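Note sheet for the following structure.
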Amino acid sequence: MMPAPVDPRDARWEVDDPVYRVYFWSGPSAEPGSDGVLVVPYCEEWRLTGAADVHEVLAWANGPEARGRVFELFVESSHGELGLLRLAGTSPTRPESR
C-alpha cells in the first residue's frame, strides 16, 4: 500500500446510495480432484440495496447469513455498462488464492 495526499476536487461524481454485492464462497478448495478435474467452490451471490454504509454491509456479510463462509464484497459501478469494484475479500478461484 502506498498512501498519498489527494485533491478531492478531481472527482467528477459520487453516489450517495451505492448498490453492493456480496459473493459467499463455500465448498471444496480450487485444487484438482482425484480424477484430475478441477473442483471449483460454490458461489452464492447477493445484491444489497438501501444499506446505510459499507459497515452495515460488512456486518451483514459477517453475520448469520455467512454461515462461516468467506466472501467478496463489491460495489456496483455503471459508466455505460455495469461493472464491479472489489472492496474486500478474494475469490478462491483466482490463481493467487490457490
Which residues, counting only those in region 41-85, are hydrophobic (A, V, I, L, M, F, W, C), touching a residue at least 24 places away in the same chain (Cβ under 8 Å) and not in a helix (DSSP H, G or I)?
-> 43, 46, 48, 51, 70, 71, 73, 74, 75, 84
Note on region 86-98: residues in contact with a Leu (Cβ under 6 Å, 6 or more places away or on another chain) and not in a loop (DSSP other than H, G, I, E, B) are 87, 88
Extreme residue, modelled with the lowest pLDDT, among residues of region 34-49 that are under 30 Å from residue 16 (Cβ atoms) and surrounded by 13 or more Cβ atoms within 10 Å (Cβ to Cβ) | 43
Residue in region 69-89 that is surrounded by the fewest Cβ atoms within 10 Å (Cβ to Cβ), counting only those that are at pLDDT 95 or above and of a type in the set (Asp, Glu) | 76
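The values are calculated or read from the model by the stated rules, or taken from the named source; none is laboratory data. Keep in mind the model is a prediction, meaning the values are calculated, not measured. Don't worry about glycine lacking a Cβ; one is built from the backbone with ideal geometry, like all the others, and counts go over all protein chains shown.
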